[in-house]
Amino acid sequence: MQLYRNWSRLRHSGRVIAGVGNFDGMHPGHLAVLEQVRRQADQHRLLAAAVLFEPHADEYLRPHTAPPRLMRLRDKLHGLHRAAMDLVLCLRFGPSLATLTAQDFVQQVLVEGLRVRGLVIGRDFRFGSGRQGDIALLRALGTQADFSVHCIADICHQGQRISSTAIRTALTRGQLQQACRLLGRPYSLCGRVVRGAGRGRQLGFATANLSFGGRRSPLRGVYITGTRLAGNYHPSVSYLGCRPVFGGTVPVLETHLLHHQEDLYGQRIEVEFLQQLRAETHFGDVAALQQQMQMDIDAARQYHHRTAHG
């Protein structure tokens, strides 16, 4: 899979079928778009492409009110690779793209840059400065520029439309099972373990830490989790928050593997969120925090023992 960050520097031979969107979460709606892209590309012997934006438009235009992400760019790219995309155009959303009209976006990015033969989109797709472009305009421009537009029907679960917004809302409310049903899998976060302050180990509960680089998460609190490490699955319990008792301000994910005490620094892990134990709590002192951490670990042990033995 080839990755490009600038539409004016594309170096590919032949025309493409492209899916366009943010692909945040890689939920079944996104997968339906990508499957259709791959199907049409194979049918016409063209390249399969995905177009996405980094950062998300809301993160650039409204940074203080932008919704939290479901996944990092790296994880989106892994998902696009698994969906068998031949190339990915990851557009930098900044001043030049934010002021590009809908017509110019189609002509410069899709027609001249990507050499698109067909587009696959969801029904809520908007594009161009001020989100002025919609499906009707896209089809009209496609007729002029000789490309087709295929709009994917909504994918629903029990009558609810599956979307990144619906999944984000379920996670924010602590409804992990609902988020799992919408995603088709447990919600998870991936990353490489970074060196922490060592406070967990000092308290008797060693943790593997993942940093969010200052980005927000839809989750906050303590969760029963499962952690994938080097192909193996480990029962775990995780905290996601800013560690207020230690004066923290930046969110971090701290995961304690129940039966694995080795240092995981530098290793890549995936943490699946199974059940929320409690919301983030402000403790008066470290002793109170330590006591609660032991209670959280005991609850996680009971959960994993119960689920493992039916």
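Only residues that are surrounded by fewer than 22 Cβ atoms within 10 Å (Cβ to Cβ) and over 24 Å from Gln160 (Cβ atoms): list them for segment 21-46, please. If you could, list the steps in order and put the result at the bottom.
We begin by selecting, within segment 21-46, every residue surrounded by fewer than 22 Cβ atoms within 10 Å (Cβ to Cβ); these are 21-22, 28, 31-32, 35-36, 38-40, 42-46.
Correct list: Arg38, Arg39, Gln40, Asp42, Gln43, His44, Arg45, Leu46.
All conditions in (1) open to solvent by 20 Å² or more (accessible area, probe 1.4 Å); (2) in contact with a Lys or Arg (Cβ under 9 Å, 6 or more places away or on another chain) hold for Leu52, with the sole exception of (1). Any residue at all in segment 111-127 that is open to solvent by less than 40 Å² (accessible area, probe 1.4 Å), closer than 26 Å to Arg192 by Cβ and under 21 Å from the mean Cα position of the chain (by Cα)? Scanning segment 111-127, I find no residue that is open to solvent by less than 40 Å² (accessible area, probe 1.4 Å), closer than 26 Å to Arg192 by Cβ and under 21 Å from the mean Cα position of the chain (by Cα), so the answer is no. Selection of segment 61-99 for residues being surrounded by fewer than 18 Cβ atoms within 10 Å (Cβ to Cβ) and touching a helix residue (DSSP H, G or I) at 6+ places or on another chain (Cβ under 7 Å) yields Leu61, Ala66, Pro67, Pro68, Ala84, Gly94, Ala98, Thr99. Scanning segment 175-190 for residues that are more than 19 Å from Thr227 (Cα to Cα) and surrounded by fewer than 18 Cβ atoms within 10 Å (Cβ to Cβ) yields Gln175, Arg181.
Within segment 264-303, the set of residues being open to solvent by 50 Å² or more (accessible area, probe 1.4 Å), in contact (Cβ under 8 Å) with a residue 60 or more places away in the chain and assigned to a strand (DSSP E or B) comprises Arg268, Glu270, Gln275, Gln276.
The values are calculated or read from the model by the stated rules, or taken from the named source; none is laboratory data. Model, not experiment: these values are computed from the prediction. FYI the Cβ positions are ideal-geometry reconstructions off the backbone, even for glycines, and counts take in every protein chain you see. Each accessible area value is taken on the protein alone, full model and side chains, heavy atoms only, with ligands, DNA and RNA left out. Shrake-Rupley method; radii C 1.70, N 1.55, O 1.52, S 1.80 Å.
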